[in-house]
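Taking it in order: structure first as C-alpha cells, then the write-up.
What follows draws every value from the coordinates through simple rules; no lab data is involved. Everything numeric here is computed off the predicted structure, so don't read it as measured data. Please note: Cβ atoms are built from the backbone with ideal geometry, for glycine as well, and neighbour counts cover all protein chains shown.
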Amino acid sequence: MSILEILKYPDTFLKTKAKPVSNIDEGIKRLISDMVDTMYFAKGIGLAATQVGADKRVAVLDVPVKEDYQRGENLIVIINPDIAAHEGEIKYEEGCLSVPGFTADVKRFESITVRALDKDAKEIEIKAEGLLAIAMQHEIDHLDGMLFIDRLSKLKRNIIQRKIKKAIEDEKKRL
Ligand code: QAP
Ligand code: CO
C-alpha cells in the first residue's frame, strides 16, 4: 500500500538489466501491489520494476481496450516475460512515466505472443496486438534497461535528449 518514486531519465538505474524472479515471495508480492498503486496514481497504463528502482523482471499494465473502460478491468501482471513470437510492424507515438512530457514515434511489432508468470507463479501466454502489444514491448524494454528514446534514430534521439535536458535545467532555474 505505498506509492513508489518513479525514476526519471537520465537516472542511470533505468539502464539496469533486471534479474529474473526465481521465487514469488512476500517481497515480490508487495512490489507488485505497490507498482499497481503507483501506476494508477501516476495515471499510467504500464510500469516496469526498473522504473521504481527494483532490479526484478516484473511489469504491470492496464491498457484500455474498449471505450467505456474502467481502470483495473484489464490489469495484467507479467513476471519474467519473454516474447515467444511476433508479427508485423506498427508505429505509435509513445510516452513514458520516466520521460514525462515527451513523446516520439516508435516502431514495434504489431502483434506478439508473450510467455510469462502471473502473480501466482502460473505460466501464462498472452497474445497481444495493437496498443497492448506496444505497451508490453515498451515494458519489457524497461526490464532490459531500454527506454523508448533508445529506439529512435541517432539524430532523433540526440534532439529529444537535448530537449529533455534543457527542460530539466529550465525547471531547476525556476525553483
Ligand atoms: C508505456 O506509458 C506505453 O509523459 C506506458 O506526462 C507507452 O503509461 C504503452 C504518461 C506508449 C503504450 C504506448 C506519460 C503520463 C504515461 C507522460 C505510460 C505523462 C503522463 C505513460
Ligand atoms: Co516507460
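What to note about this one:
- Here the range 147-165 is the region considered, the condition is being within 12 Å of ligand 2 (Cβ to nearest atom) and in contact (Cβ under 8 Å) with a residue 40 or more places away in the chain, and the residue that is farthest from Val52 (Cα to Cα) is Arg151.
- Flag for Glu171 being in contact (Cβ under 8 Å) with a residue 24 or more places away in the chain and among the acidic types (Asp, Glu): no
- Filter pass, Lys8 being within 14 Å of ligand 2 (Cβ to nearest atom), surrounded by fewer than 19 Cβ atoms within 10 Å (Cβ to Cβ), closer than 20 Å to Asp150 by Cα and among the basic types (Lys, Arg): yes
- Looking only at the range 146-167, residues that are closer than 15 Å to Leu97 by Cα and aliphatic (A, V, I, L, M) come to 4 in all.
- Test for Ile79: is it hydrophobic (A, V, I, L, M, F, W, C), surrounded by fewer than 16 Cβ atoms within 10 Å (Cβ to Cβ), over 19 Å from Leu152 (Cβ atoms) and in contact with a helix residue (DSSP H, G or I) (Cβ under 9 Å, 6 or more places away or on another chain): no
- Consider the range 8-44 and keep the residues that are small (Gly, Ala, Ser) and free of Cβ contacts under 8 Å to residues at least 24 places away in the same chain. The one that is farthest from ligand 1 (Cβ to nearest atom) is Ser22.
- Members of the range 113-127 that are assigned to a loop (DSSP other than H, G, I, E, B), in contact (Cβ under 8 Å) with a residue 40 or more places away in the chain and at negative phi: Asp118, Lys119, Asp120
- Within the range 38-62, the set of residues being among the small types (Gly, Ala, Ser) and within 10 Å of ligand 2 (Cβ to nearest atom) comprises Gly44, Gly46, Ala48, Ala59.
- Glu93 meets the conditions (1) free of Cβ contacts under 8 Å to residues at least 40 places away in the same chain; (2) loosely packed, with under 12 Cβ neighbours inside 10 Å; (3) not in a strand (DSSP E or B) in every case but one. The failed one is (3).
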